Structure formats: C-alpha cells, structure tokens
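To start, the structure under review is shown below, and the notes come after it.
Just so you know, all these numbers are worked out from the coordinates, no wet-lab data involved. Keep in mind that this is a model prediction, so the values were computed, not measured. Please note: Cβ atoms are built from the backbone with ideal geometry, for glycine as well, and neighbour counts cover all protein chains shown.
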Amino acid sequence: MTSIVIPAHNEERVIGRLLDALLTGDPADSAGPRPDIVVVCNGCTDGTAKVAGARPGVRVIEIPVPSKHVALRTGDEHAAGFPRLYVDADVVLGSADVRELTRALAGAPELLAAAPERDLPLAGCAWRVRAYYRVWTRLPAVREGLFGRGVIAVTEEGYGRLAALPPLMADDLAASLAFGPGERTVVDGARVVVHPPRTWADLIRRRIRAAVSTAQLEARQAQSAGAGERGPDDAAGQPEPLTPAPPSARTSTADLRTLLRGEPKLLPSVVVFLAAAVTARRKAAKAIRGQDFGTWLRDESSRES
C-alpha cells in the first residue's frame, strides 16, 4: 500500500486543497486500495488538525514541537507501507499523479526516488518574481533535481537514505542529493502545483532561507567529508585519494552563460535573477555567521487564496 506523509505547521488555509486533490479521482481508474494518508500537525496553533481530520480516510497525528524533521519521522512511525510519498501541505498533488509516481518506481528496480514535474502559476505574481522564475526553471539542477517540488516518492530502500539524513533546513535539497542521477527521476506523467511567492519581498524571504539552508547543508557535508578522511597515507604507506567533492545544486555563472547563449532574450530576467541572489546572500550572511538555522522565514503570500 502506498503511504503519504504530510507534515503540516499552521496550514489551515491550504491543506484542504491538497487533501481534496489526493482524495478525488475516478474509482475505475484506480488500481488497488487508496493510499494511506497521514497528516502530522507539528506545533500547530490553528485549525490544521480540524481541517485535515474532516477528510475521510485521513489520519491526523498531533505533536507539540514545530519541527518538519520530527514531523516526517513521526509520520514514518505511523505510515503503513511503500512506496512512500512525502508531500508538503502547501502544494497540490492529485491522486492520478500519485499513481504515476508509484508506477515509475515499480517499473524500474534501479530507481529509489521520484518526483513530479512542477507547475508554477505565475499569473498573479509581480513582474520581477516572474522574471526570476523564468531563469530558475531553466537551470539544469532545477530541471533534474527532486527539490523545489514539495513532493518526493521513495521505495523502501530509498526511505533508508532519507531516514539517515540529519535535521536540515534544506531537507528537500538534501533528499535530492542523497540519490545519484541513476537512482532518481522526474516523472513526466505526474505534476504538482507549487504556488510561488507573489511579491518581490516574499521571493527574497524564500531566497534568504535557501541561502541559509544551503550554507548549513554544505557545512554538514564538509564535516562528513572530514570525518571520513584517513589522513595523508593509508596503512600501506600509500597516499590516500582525496574525498570527492559532495554533490551541489548551486547555480554557477557557467550555467547562466549557457542559458544566455541559447536564449539571449533572457538577459533582463538573468539580471533580475542575479539581483535576487545577491540580495538574498547579503541578507543571509548574518544568520549564517550566527549559525541561525532555525528561523524559517515562511512565505505567506503563496498561501493566500
């Protein structure tokens, strides 16, 4: 049986639309039982649990600590089976998309993780937000990675990779990088609606969070690499090979140059993209210096109805 774990912190305004999409489908098109859906309300002070509990077949677990990592692991304790999907409460994923993800994993034994293609409804967003995403959605790491989609589906073996990850702000990026290119896939037939920030200020808030969380992830990767080193010589006195550089999803200037060579008309959008990146990194510097990896800086504009 497929299980779906949804961590939710004060998501009263949006969790209903996700659950309705997951629970709506043509019974004749469904194979097997409905997915087991577990909503973990972590540190909620609103009506998230009530909204989720009103949907038939949805199990609601309430925990006092407002931690996504703890919510995910709590969901694992209550989830019934595999493949297992982890779905953010503020996205929209349909039942047919869940079936496409599970089929993809079932049909390829080498695959451990899968995610849907993303739809970004930008019509109500500020022009600079639209310009930013015009570039972001074209970047190779963004197109090929599992992050930034709010959904990841894993096999039981893939779950073992995720369960071993430490608590990190960049949980979806860390999850994506936990799998090699041959172990993960983006499924063309599945789609998720990811609501982008509507204003420039909210976009910058998201990018500050991304810069801080990426710095935390890279610091943890460096610590892990250092702990794995055996020194300059092995037991036979031969030089030990250097630890390979950890995988990264950072945007390089080479990525942007390649993009502009293919689509020169994107130059104004690239300028906006760079402005957002520079602004976010400058504003994130204080948090990074102070090792503040707990301030979430949530974007509320994407949660407006």
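Annotations for the structure displayed:
- Unpartnered cysteines - no second Cys beta carbon under 4.7 Å - across the chain: Cys125
- For Ile152, the residues whose amide H sits under 5 Å from its own are Tyr86, ignoring neighbours fewer than 5 places away on the same chain, with H placed 1.01 Å from N.
- Using C-alpha pairs under 8 Å with a sequence gap of at least 6, the mean separation divided by the residue count of region 109-237 gives a relative contact order of 40 percent.
- Expressed to the nearest 5 percent, the antiparallel share of DSSP beta bridges inside the chain is 30 percent.
- Charge tally in the Cβ shell below 13 Å around Leu162, where Lys, Arg are +1 and Asp, Glu are -1, Leu162 excluded: -1
- Computed over region 1-70: relative contact order in percent, which uses C-alpha pairs under 8 Å that are six or more apart: 41
- Region 48-181: radius of gyration and largest Cα-Cα distance (Dmax), Å: 16.0, 44
- Region 125-224 shape via C-alpha gyration tensor axes, a/c threshold 1.5: oblate
- Sequence-separation-based contact order of the chain, relative, with Cα cut under 8 Å and 6+ spacing, percent: 20
- Debye log10 I(q)/I(0) for the chain, one point scatterer per Cα, at q = 0.10, 0.16 Å⁻¹: -0.59, -1.46
- Cα centroid separation - region 70-149 against region 253-287, whole Å: 24
- Electrostatic tally near Arg184: other residues with Cβ closer than 13 Å to its Cβ, Lys and Arg +1, Asp and Glu -1, net -2.
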